[in-house]
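This report refers to the structure that appears directly beneath it.
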Amino acid sequence: MFEFIQEKITKLFDKLSKRGLLSEQDIDDALKDVRIALLEADVHYRVVKELLESVKQKVMGEELSKSINPSQYLLRVLKTELIGIMGAPAAVKISGTGDIVMLLGLQGTGKTTTAVKLAKYMRDKRGLKPYLVSIDFTRPAAQEQLITLAKAHGFPVNEDVSAKGIGALDDIRLVSARQGCDFIIVDTAGRLHIDTDLVNELKQVKHALHPAQTILVIDSMMGHDVLKMAEGFQQGVGYDGAIFTKFEGDSRGGAVLSFRKIINKPIYYVGVGEAVSALEPFEPERMVARIVGSGDVEGLVEKMSEVVTGEDVRHAQRLAKGKFTFPDFIQQLKMMKRLGPVESLFDMVPGFGKLKKNVRTDTLKQDMKVYEAIISSMTDQERRNPDILNGKRRQRIAQGSGTKPEDVNRLIKRFYESQRMMDILQKGGIKGIQRFLQ
Ligand code: GDP
Ligand code: MG
(Lines give C-alpha, C1' and ligand atoms only; values in the text may rest on other atoms or scores of the structure.)
(Ligands and ions follow the chains in the order given, each with its own letter.)
Protein backbone atom coordinates (compact mmCIF):
# COMPACT_ATOMS: atom_id res chain seq x y z
CA MET A 1 0.00 0.00 0.00
CA PHE A 2 1.19 3.48 -0.89
CA GLU A 3 4.50 2.16 -2.30
CA PHE A 4 3.69 4.02 -5.48
CA ILE A 5 3.30 7.44 -3.86
CA GLN A 6 6.18 6.77 -1.49
CA GLU A 7 8.61 6.08 -4.29
CA LYS A 8 7.73 9.32 -6.08
CA ILE A 9 7.76 11.42 -2.93
CA THR A 10 11.06 10.00 -1.73
CA LYS A 11 12.68 10.72 -5.08
CA LEU A 12 11.30 14.22 -5.13
CA PHE A 13 12.50 15.08 -1.64
CA ASP A 14 15.90 13.52 -2.20
CA LYS A 15 16.29 15.86 -5.15
CA LEU A 16 14.95 18.81 -3.22
CA SER A 17 17.13 18.30 -0.16
CA LYS A 18 20.23 18.97 -2.21
CA ARG A 19 18.99 22.43 -2.97
CA GLY A 20 19.11 24.11 0.48
CA LEU A 21 16.94 27.22 0.45
CA LEU A 22 13.69 26.93 -1.46
CA SER A 23 12.05 29.72 -3.46
CA GLU A 24 8.31 29.95 -3.96
CA GLN A 25 8.87 28.63 -7.46
CA ASP A 26 10.75 25.59 -6.07
CA ILE A 27 7.84 24.88 -3.75
CA ASP A 28 5.29 25.23 -6.52
CA ASP A 29 7.29 22.86 -8.68
CA ALA A 30 7.64 20.37 -5.86
CA LEU A 31 3.94 20.51 -5.05
CA LYS A 32 3.15 20.01 -8.72
CA ASP A 33 5.15 16.77 -8.58
CA VAL A 34 3.35 15.70 -5.40
CA ARG A 35 0.08 16.48 -7.15
CA ILE A 36 0.94 14.27 -10.11
CA ALA A 37 2.02 11.45 -7.78
CA LEU A 38 -1.26 11.63 -5.86
CA LEU A 39 -3.42 11.79 -8.98
CA GLU A 40 -1.55 8.86 -10.52
CA ALA A 41 -2.18 6.99 -7.28
CA ASP A 42 -5.87 7.49 -8.05
CA VAL A 43 -6.55 9.91 -5.21
CA HIS A 44 -9.66 11.96 -6.00
CA TYR A 45 -8.79 15.35 -7.51
CA ARG A 46 -10.84 17.17 -4.84
CA VAL A 47 -8.66 15.62 -2.17
CA VAL A 48 -5.45 16.46 -4.00
CA LYS A 49 -6.49 20.05 -4.53
CA GLU A 50 -7.48 20.71 -0.93
CA LEU A 51 -4.46 18.93 0.48
CA LEU A 52 -1.95 20.85 -1.60
CA GLU A 53 -3.60 24.21 -1.06
CA SER A 54 -3.38 23.73 2.63
CA VAL A 55 0.26 22.56 2.48
CA LYS A 56 1.20 25.57 0.38
CA GLN A 57 -0.49 27.96 2.77
CA LYS A 58 1.32 26.53 5.77
CA VAL A 59 4.67 26.32 4.09
CA MET A 60 4.82 29.85 2.74
CA GLY A 61 5.03 31.50 6.16
CA GLU A 62 8.27 32.61 7.74
CA GLU A 63 8.79 29.21 9.34
CA LEU A 64 10.23 27.97 6.08
CA SER A 65 13.01 30.55 5.90
CA LYS A 66 13.89 29.94 9.55
CA SER A 67 13.93 26.22 9.07
CA ILE A 68 17.20 24.31 9.32
CA ASN A 69 16.34 22.23 6.34
CA PRO A 70 13.59 23.65 4.08
CA SER A 71 12.86 20.50 2.12
CA GLN A 72 12.47 18.52 5.34
CA TYR A 73 10.19 21.24 6.62
CA LEU A 74 8.01 20.95 3.53
CA LEU A 75 7.94 17.19 3.95
CA ARG A 76 6.91 17.60 7.57
CA VAL A 77 4.03 19.89 6.67
CA LEU A 78 2.87 17.41 4.07
CA LYS A 79 3.11 14.63 6.62
CA THR A 80 1.11 16.58 9.21
CA GLU A 81 -1.60 17.27 6.64
CA LEU A 82 -1.74 13.61 5.68
CA ILE A 83 -1.98 12.56 9.32
CA GLY A 84 -4.86 15.02 9.66
CA ILE A 85 -6.61 13.34 6.75
CA MET A 86 -6.04 9.82 8.06
CA GLY A 87 -7.51 10.78 11.44
CA ALA A 88 -7.20 8.92 14.71
CA PRO A 89 -7.34 5.14 15.10
CA ALA A 90 -10.89 3.96 15.76
CA ALA A 91 -12.28 0.73 17.17
CA VAL A 92 -15.53 -1.03 16.42
CA LYS A 93 -17.78 -0.48 19.41
CA ILE A 94 -19.47 -3.48 20.87
CA SER A 95 -20.86 -2.38 24.18
CA GLY A 96 -23.58 -4.81 25.14
CA THR A 97 -24.73 -8.37 24.72
CA GLY A 98 -26.76 -8.76 21.58
CA ASP A 99 -25.19 -5.80 19.80
CA ILE A 100 -25.38 -6.16 16.05
CA VAL A 101 -22.58 -5.26 13.66
CA MET A 102 -23.99 -4.98 10.16
CA LEU A 103 -21.71 -5.17 7.12
CA LEU A 104 -22.71 -3.70 3.79
CA GLY A 105 -21.04 -3.08 0.48
CA LEU A 106 -20.91 -4.00 -3.19
CA GLN A 107 -20.69 -7.59 -4.35
CA GLY A 108 -17.23 -9.08 -4.36
CA THR A 109 -15.69 -6.50 -2.06
CA GLY A 110 -15.15 -9.12 0.63
CA LYS A 111 -18.12 -8.77 3.01
CA THR A 112 -18.54 -12.46 3.70
CA THR A 113 -14.83 -13.00 4.21
CA THR A 114 -14.65 -9.88 6.39
CA ALA A 115 -17.58 -11.08 8.52
CA VAL A 116 -15.57 -14.15 9.53
CA LYS A 117 -12.31 -12.19 9.82
CA LEU A 118 -14.04 -9.80 12.19
CA ALA A 119 -15.45 -12.70 14.19
CA LYS A 120 -11.96 -14.14 14.58
CA TYR A 121 -10.46 -10.79 15.47
CA MET A 122 -13.05 -10.12 18.17
CA ARG A 123 -12.66 -13.61 19.59
CA ASP A 124 -8.85 -13.59 19.60
CA LYS A 125 -8.22 -9.98 20.57
CA ARG A 126 -11.20 -9.05 22.70
CA GLY A 127 -12.34 -12.41 23.97
CA LEU A 128 -15.86 -11.97 22.61
CA LYS A 129 -18.04 -14.73 21.25
CA PRO A 130 -19.65 -13.76 17.95
CA TYR A 131 -22.68 -15.17 16.20
CA LEU A 132 -22.82 -14.95 12.41
CA VAL A 133 -25.84 -14.48 10.18
CA SER A 134 -26.17 -14.02 6.44
CA ILE A 135 -29.27 -12.26 5.29
CA ASP A 136 -28.60 -12.59 1.59
CA PHE A 137 -32.02 -14.21 1.26
CA THR A 138 -32.08 -14.26 -2.52
CA ARG A 139 -28.80 -16.15 -2.92
CA PRO A 140 -28.64 -19.39 -0.94
CA ALA A 141 -25.09 -19.88 -2.23
CA ALA A 142 -24.04 -16.68 -0.49
CA GLN A 143 -25.50 -17.96 2.77
CA GLU A 144 -23.77 -21.30 2.30
CA GLN A 145 -20.46 -19.51 1.78
CA LEU A 146 -20.74 -17.82 5.17
CA ILE A 147 -21.90 -21.00 6.88
CA THR A 148 -18.99 -23.04 5.51
CA LEU A 149 -16.38 -20.42 6.35
CA ALA A 150 -17.79 -19.74 9.83
CA LYS A 151 -17.98 -23.43 10.72
CA ALA A 152 -14.47 -24.06 9.44
CA HIS A 153 -13.26 -21.61 12.07
CA GLY A 154 -15.55 -22.74 14.83
CA PHE A 155 -18.04 -19.87 14.92
CA PRO A 156 -21.76 -20.38 15.62
CA VAL A 157 -23.67 -19.36 12.52
CA ASN A 158 -27.30 -19.28 11.43
CA GLU A 159 -27.78 -22.40 9.31
CA ASP A 160 -31.47 -22.03 8.57
CA VAL A 161 -31.33 -20.95 4.95
CA SER A 162 -35.07 -21.42 4.52
CA ALA A 163 -35.80 -18.29 6.53
CA LYS A 164 -36.88 -15.56 4.15
CA GLY A 165 -37.54 -11.86 4.54
CA ILE A 166 -37.05 -9.37 7.28
CA GLY A 167 -39.56 -11.12 9.57
CA ALA A 168 -37.03 -13.88 10.08
CA LEU A 169 -34.63 -11.42 11.63
CA ASP A 170 -36.67 -10.87 14.77
CA ASP A 171 -35.25 -13.80 16.62
CA ILE A 172 -31.57 -13.37 15.66
CA ARG A 173 -30.83 -11.90 19.06
CA LEU A 174 -32.67 -14.71 20.82
CA VAL A 175 -30.89 -17.46 18.90
CA SER A 176 -27.54 -15.79 19.46
CA ALA A 177 -28.16 -15.38 23.20
CA ARG A 178 -29.29 -18.97 23.48
CA GLN A 179 -25.93 -20.04 22.11
CA GLY A 180 -24.14 -17.90 24.65
CA CYS A 181 -22.84 -15.39 22.09
CA ASP A 182 -21.91 -11.82 22.96
CA PHE A 183 -22.68 -10.07 19.72
CA ILE A 184 -23.86 -10.67 16.16
CA ILE A 185 -22.20 -10.03 12.83
CA VAL A 186 -24.64 -9.66 9.95
CA ASP A 187 -23.48 -10.25 6.39
CA THR A 188 -25.74 -8.69 3.76
CA ALA A 189 -26.39 -8.99 0.03
CA GLY A 190 -24.42 -6.90 -2.44
CA ARG A 191 -24.72 -5.91 -6.09
CA LEU A 192 -22.07 -5.04 -8.62
CA HIS A 193 -23.25 -1.43 -8.58
CA ILE A 194 -25.16 0.57 -6.06
CA ASP A 195 -28.85 0.75 -7.07
CA THR A 196 -32.19 1.68 -5.53
CA ASP A 197 -33.23 -1.93 -4.92
CA LEU A 198 -30.11 -2.66 -2.93
CA VAL A 199 -30.32 0.56 -0.97
CA ASN A 200 -33.97 -0.02 -0.13
CA GLU A 201 -33.35 -3.57 0.97
CA LEU A 202 -30.44 -2.58 3.21
CA LYS A 203 -32.38 0.34 4.62
CA GLN A 204 -35.16 -2.05 5.66
CA VAL A 205 -32.72 -4.47 7.18
CA LYS A 206 -31.00 -1.72 9.12
CA HIS A 207 -34.33 -0.39 10.33
CA ALA A 208 -35.37 -3.84 11.54
CA LEU A 209 -32.04 -4.68 13.21
CA HIS A 210 -31.01 -1.42 14.87
CA PRO A 211 -27.32 -2.33 14.57
CA ALA A 212 -24.92 -0.88 17.12
CA GLN A 213 -22.44 -0.43 14.27
CA THR A 214 -22.90 -0.41 10.52
CA ILE A 215 -19.72 -0.91 8.53
CA LEU A 216 -19.16 -0.29 4.85
CA VAL A 217 -16.81 -2.86 3.34
CA ILE A 218 -14.72 -1.31 0.57
CA ASP A 219 -12.39 -2.84 -1.99
CA SER A 220 -9.12 -0.86 -1.84
CA MET A 221 -8.67 -1.29 -5.59
CA MET A 222 -11.63 1.01 -6.29
CA GLY A 223 -9.43 4.09 -6.41
CA HIS A 224 -11.23 7.42 -6.50
CA ASP A 225 -14.50 5.74 -7.59
CA VAL A 226 -14.88 4.97 -3.93
CA LEU A 227 -16.47 8.37 -3.36
CA LYS A 228 -19.56 7.86 -5.49
CA MET A 229 -20.21 4.48 -3.90
CA ALA A 230 -19.51 5.62 -0.33
CA GLU A 231 -21.66 8.71 -0.72
CA GLY A 232 -24.47 6.60 -2.21
CA PHE A 233 -24.48 4.20 0.72
CA GLN A 234 -24.25 7.05 3.18
CA GLN A 235 -27.27 8.85 1.77
CA GLY A 236 -29.29 5.67 1.23
CA VAL A 237 -28.46 3.54 4.24
CA GLY A 238 -25.93 5.26 6.49
CA TYR A 239 -22.93 3.69 8.20
CA ASP A 240 -20.47 4.46 10.99
CA GLY A 241 -17.16 3.58 9.40
CA ALA A 242 -15.38 1.34 6.94
CA ILE A 243 -13.16 -1.69 6.50
CA PHE A 244 -10.90 -1.67 3.43
CA THR A 245 -10.24 -5.08 1.90
CA LYS A 246 -7.52 -6.31 -0.49
CA PHE A 247 -5.31 -3.66 1.01
CA GLU A 248 -2.16 -5.71 0.48
CA GLY A 249 -2.66 -5.79 -3.27
CA ASP A 250 -3.14 -2.08 -3.83
CA SER A 251 0.11 -0.19 -4.07
CA ARG A 252 -1.54 3.14 -4.75
CA GLY A 253 -3.79 3.93 -1.84
CA GLY A 254 -6.04 6.43 -3.63
CA ALA A 255 -9.26 4.96 -2.24
CA VAL A 256 -8.18 5.24 1.39
CA LEU A 257 -7.06 8.86 1.14
CA SER A 258 -10.14 9.89 -0.84
CA PHE A 259 -12.50 8.17 1.57
CA ARG A 260 -10.90 9.66 4.67
CA LYS A 261 -10.72 13.18 3.34
CA ILE A 262 -14.17 13.48 1.78
CA ILE A 263 -16.35 11.00 3.64
CA ASN A 264 -14.49 11.59 6.91
CA LYS A 265 -15.61 8.43 8.64
CA PRO A 266 -13.22 6.14 10.50
CA ILE A 267 -11.49 3.18 8.90
CA TYR A 268 -11.51 0.45 11.52
CA TYR A 269 -9.57 -2.33 9.87
CA VAL A 270 -7.85 -3.32 6.70
CA GLY A 271 -8.03 -6.75 5.09
CA VAL A 272 -4.59 -7.85 4.00
CA GLY A 273 -5.14 -11.24 2.42
CA GLU A 274 -7.65 -13.99 1.78
CA ALA A 275 -6.94 -15.86 5.01
CA VAL A 276 -9.38 -15.37 7.86
CA SER A 277 -6.56 -14.08 10.05
CA ALA A 278 -5.62 -11.36 7.56
CA LEU A 279 -7.27 -8.41 9.28
CA GLU A 280 -5.32 -5.55 10.88
CA PRO A 281 -6.28 -2.36 12.68
CA PHE A 282 -5.96 0.75 10.55
CA GLU A 283 -3.05 2.77 11.94
CA PRO A 284 -3.14 6.32 10.53
CA GLU A 285 0.42 7.29 11.48
CA ARG A 286 1.84 4.13 10.03
CA MET A 287 -0.05 4.74 6.82
CA VAL A 288 1.39 8.21 6.52
CA ALA A 289 4.89 7.00 7.30
CA ARG A 290 4.48 4.69 4.35
CA ILE A 291 3.56 7.59 2.08
CA VAL A 292 6.26 10.06 3.00
CA GLY A 293 8.84 7.43 3.67
CA SER A 294 11.88 8.96 5.21
CA GLY A 295 10.44 10.02 8.55
CA ASP A 296 10.59 13.18 10.53
CA VAL A 297 14.28 13.85 10.33
CA GLU A 298 13.83 17.57 10.74
CA GLY A 299 11.84 17.07 13.93
CA LEU A 300 14.63 14.89 15.22
CA VAL A 301 17.33 17.40 14.28
CA GLU A 302 15.42 20.24 15.91
CA LYS A 303 14.91 18.34 19.10
CA MET A 304 18.54 17.35 19.21
CA SER A 305 19.83 20.84 18.54
CA GLU A 306 18.08 21.99 21.73
CA VAL A 307 20.01 19.67 23.98
CA VAL A 308 23.18 18.69 22.20
CA THR A 309 26.28 20.29 23.72
CA GLY A 310 29.77 21.01 22.47
CA GLU A 311 30.99 17.87 24.14
CA ASP A 312 28.37 15.87 22.23
CA VAL A 313 29.57 17.38 18.98
CA ARG A 314 33.20 16.54 19.74
CA HIS A 315 32.04 13.11 20.70
CA ALA A 316 30.26 12.70 17.38
CA GLN A 317 33.35 13.87 15.53
CA ARG A 318 35.46 11.35 17.37
CA LEU A 319 32.96 8.67 16.50
CA ALA A 320 33.01 9.53 12.83
CA LYS A 321 36.74 8.97 12.82
CA GLY A 322 37.24 5.96 14.97
CA LYS A 323 35.95 3.19 17.07
CA PHE A 324 33.05 3.33 19.50
CA THR A 325 34.37 2.82 23.04
CA PHE A 326 33.04 2.95 26.61
CA PRO A 327 33.50 6.69 27.11
CA ASP A 328 31.46 7.18 23.90
CA PHE A 329 28.82 4.92 25.30
CA ILE A 330 28.52 6.96 28.49
CA GLN A 331 28.37 10.17 26.48
CA GLN A 332 25.62 8.64 24.39
CA LEU A 333 23.61 7.62 27.46
CA LYS A 334 23.98 11.11 28.94
CA MET A 335 22.69 12.65 25.75
CA MET A 336 19.78 10.22 25.68
CA LYS A 337 18.88 11.26 29.19
CA ARG A 338 18.79 14.89 28.15
CA LEU A 339 16.77 14.11 25.04
CA GLY A 340 14.02 12.77 27.23
CA PRO A 341 11.94 9.69 26.63
CA VAL A 342 13.62 7.83 23.85
CA GLU A 343 10.27 6.45 22.73
CA SER A 344 9.24 9.82 21.35
CA LEU A 345 12.42 10.00 19.31
CA PHE A 346 11.86 6.60 17.83
CA ASP A 347 8.31 7.60 16.94
CA MET A 348 9.72 10.27 14.67
CA VAL A 349 11.53 7.78 12.52
CA PRO A 350 9.40 5.05 10.93
CA GLY A 351 10.91 1.63 11.27
CA PHE A 352 12.41 2.43 14.67
CA GLY A 353 9.33 1.23 16.53
CA LYS A 354 10.92 -2.19 17.01
CA LEU A 355 13.84 -0.63 18.85
CA LYS A 356 11.54 0.66 21.55
CA LYS A 357 11.21 -2.61 23.31
CA ASN A 358 14.98 -2.86 23.61
CA VAL A 359 15.45 0.49 25.25
CA ARG A 360 14.17 0.98 28.74
CA THR A 361 14.17 4.65 29.58
CA ASP A 362 12.58 4.28 32.99
CA THR A 363 15.70 2.66 34.39
CA LEU A 364 18.18 4.75 32.42
CA LYS A 365 19.04 7.10 35.27
CA GLN A 366 19.65 4.29 37.68
CA ASP A 367 21.56 2.23 35.13
CA MET A 368 23.81 5.15 34.33
CA LYS A 369 25.08 5.44 37.88
CA VAL A 370 25.94 1.75 37.85
CA TYR A 371 27.48 1.96 34.40
CA GLU A 372 29.62 4.95 35.31
CA ALA A 373 30.87 3.17 38.39
CA ILE A 374 31.73 0.09 36.36
CA ILE A 375 33.50 2.01 33.63
CA SER A 376 35.56 3.98 36.14
CA SER A 377 36.79 0.67 37.56
CA MET A 378 38.16 -0.36 34.18
CA THR A 379 41.73 0.25 33.13
CA ASP A 380 42.38 2.62 30.29
CA GLN A 381 43.28 -0.28 28.10
CA GLU A 382 39.98 -2.03 28.86
CA ARG A 383 38.01 1.10 28.14
CA ARG A 384 39.57 1.45 24.74
CA ASN A 385 39.56 -2.23 23.93
CA PRO A 386 36.47 -3.93 25.39
CA ASP A 387 37.22 -7.19 23.62
CA ILE A 388 39.79 -8.08 26.27
CA LEU A 389 37.15 -8.16 29.01
CA ASN A 390 37.29 -11.83 29.94
CA GLY A 391 35.61 -13.44 32.95
CA LYS A 392 38.45 -12.67 35.33
CA ARG A 393 38.58 -9.00 34.38
CA ARG A 394 34.79 -8.71 34.63
CA GLN A 395 34.89 -10.12 38.14
CA ARG A 396 37.62 -7.72 39.19
CA ILE A 397 35.67 -4.78 37.76
CA ALA A 398 32.49 -5.83 39.56
CA GLN A 399 34.34 -6.03 42.83
CA GLY A 400 36.16 -2.76 42.32
CA SER A 401 32.98 -0.87 41.48
CA GLY A 402 30.82 -2.48 44.16
CA THR A 403 28.46 -3.90 41.53
CA LYS A 404 27.36 -7.38 40.60
CA PRO A 405 28.89 -9.43 37.77
CA GLU A 406 25.43 -9.40 36.10
CA ASP A 407 25.61 -5.61 35.98
CA VAL A 408 28.98 -5.75 34.26
CA ASN A 409 27.69 -8.31 31.77
CA ARG A 410 24.58 -6.24 31.09
CA LEU A 411 26.66 -3.14 30.46
CA ILE A 412 28.96 -5.00 28.10
CA LYS A 413 26.00 -6.43 26.22
CA ARG A 414 24.39 -3.01 25.83
CA PHE A 415 27.70 -1.55 24.83
CA TYR A 416 28.11 -4.05 21.99
CA GLU A 417 24.53 -3.39 20.85
CA SER A 418 25.23 0.33 20.69
CA GLN A 419 28.52 -0.25 18.95
CA ARG A 420 26.78 -2.33 16.32
CA MET A 421 24.10 0.31 15.87
CA MET A 422 26.68 3.08 15.50
CA ASP A 423 28.52 1.00 12.98
CA ILE A 424 25.40 0.56 10.87
CA LEU A 425 24.55 4.22 11.27
CA GLN A 426 27.99 5.27 10.09
CA LYS A 427 27.86 3.01 7.08
CA GLY A 428 24.27 3.41 5.96
CA GLY A 429 22.84 6.40 7.83
CA ILE A 430 19.29 6.29 9.14
CA LYS A 431 18.25 4.25 6.10
CA GLY A 432 20.81 1.62 7.09
CA ILE A 433 19.29 1.29 10.55
CA GLN A 434 15.79 1.13 9.12
CA ARG A 435 16.86 -1.65 6.77
CA PHE A 436 18.53 -3.42 9.67
CA LEU A 437 15.33 -3.26 11.72
CA GLN A 438 13.00 -4.47 8.96
P1 GDP B 1 -18.63 -10.42 -0.89
O2 GDP B 1 -19.28 -10.64 -2.21
O3 GDP B 1 -18.57 -8.96 -0.58
O4 GDP B 1 -19.22 -11.21 0.22
O5 GDP B 1 -17.10 -10.89 -1.07
P6 GDP B 1 -16.39 -12.21 -0.58
O7 GDP B 1 -16.21 -12.20 0.89
O8 GDP B 1 -17.07 -13.39 -1.16
O9 GDP B 1 -14.94 -11.99 -1.21
C10 GDP B 1 -14.71 -11.87 -2.60
C11 GDP B 1 -13.29 -12.31 -2.89
O12 GDP B 1 -12.36 -11.39 -2.31
C13 GDP B 1 -12.94 -13.65 -2.31
O14 GDP B 1 -12.18 -14.38 -3.25
C15 GDP B 1 -12.10 -13.33 -1.07
O16 GDP B 1 -11.19 -14.34 -0.77
C17 GDP B 1 -11.41 -12.08 -1.54
N18 GDP B 1 -10.96 -11.21 -0.43
C19 GDP B 1 -11.68 -10.69 0.58
N20 GDP B 1 -10.91 -9.91 1.39
C21 GDP B 1 -9.67 -9.93 0.88
C22 GDP B 1 -8.43 -9.30 1.24
O23 GDP B 1 -8.29 -8.54 2.20
N24 GDP B 1 -7.36 -9.58 0.44
C25 GDP B 1 -7.47 -10.40 -0.66
N26 GDP B 1 -6.38 -10.60 -1.38
N27 GDP B 1 -8.61 -10.98 -1.02
C28 GDP B 1 -9.70 -10.76 -0.27
MG1 MG C 1 -20.92 -12.39 0.24
For the range 3-86, report the accessible area per residue in Å² (1.4 Å probe, heavy atoms, rounded to an integer). 53
For D197 and D387, extending 7 Å from Cα along the Cα-Cβ vector and measuring point to point gives, in nm, a value of 7.8
Tell me, what is the FRET efficiency for K15 and M60 to the nearest 0.05, using R0 = 25 angstrom and their Cβ-Cβ distance as r? 0.75
Suppose all protein chains stay in the model; what accessible area per residue would a 1.4 Å probe give for the range 99-294, in Å²? 40
The range 99-294: relative contact order in percent, alpha carbon pairs under 8 Å with at least 6 residues between: 26
So, with a 1.4 angstrom probe, what is the percent of accessible area on the range 105-159 that is carbon and sulfur? 51
Quick check: pseudo-label points 7 Å beyond the Cα along Cα→Cβ at T379 and K49, how many nm apart are they? 7.7
Could you list, in their original order, any pairs among K18/K58; K117/K203; K125/K206; K58/K125; K58/K117; K93/K203 whose Cα atoms are separated by more than 30 Å? K58/K125; K58/K117
Heavy-atom accessible area of R126 with all protein chains present, probe 1.4 Å, nearest 10 Å²? 90
FRET efficiency for S95 and S277, Cβ-Cβ distance as r, R0 = 25 Å, nearest 0.05? 0.50
Distance (nanometres) between label positions extended 7 Å along Cα→Cβ at R396 and D124: 5.4
Under the 0.36 nm per residue contour assumption, what length would be gained going from the current alpha-carbon distance of V175 and Q107 to full extension? 21.8 nm
Quote the accessible area belonging to K125 in square angstrom, nearest 10, computed with a 1.4 Å probe and with ligands, DNA and RNA left uncounted. 140
Please report the relative contact order for the range 3-86, taking Cα pairs under 8 Å with a sequence separation of at least 6, and give it as a percent rounded to a whole number. 36
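Between K151 and N409, 0.36 nm times their residue separation minus their Cα-Cα distance comes to what? Don't jump to the answer; show the numbers that get you there.
Details: separation 258, 0.36 × 258 = 92.88 nm, distance 5.25 nm.
Extending this stretch completely gives an extra 87.6 nm.
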Can you bin the range 3-86 into rounded, prolate or oblate? Criterion: square roots of the alpha carbon gyration tensor eigenvalues sorted a ≥ b ≥ c, rounded for a/c under 1.5, prolate for a/b above b/c, oblate for the rest. prolate
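The values are calculated or read from the model by the stated rules, or taken from the named source; none is laboratory data. Keep in mind the model is a prediction, meaning the values are calculated, not measured. Please note: Cβ atoms are built from the backbone with ideal geometry, for glycine as well, and neighbour counts cover all protein chains shown. Please note that ligands, DNA and RNA were not included when accessible areas were found on the heavy atoms of the full protein model with its side chains. Shrake-Rupley method; radii C 1.70, N 1.55, O 1.52, S 1.80 Å.
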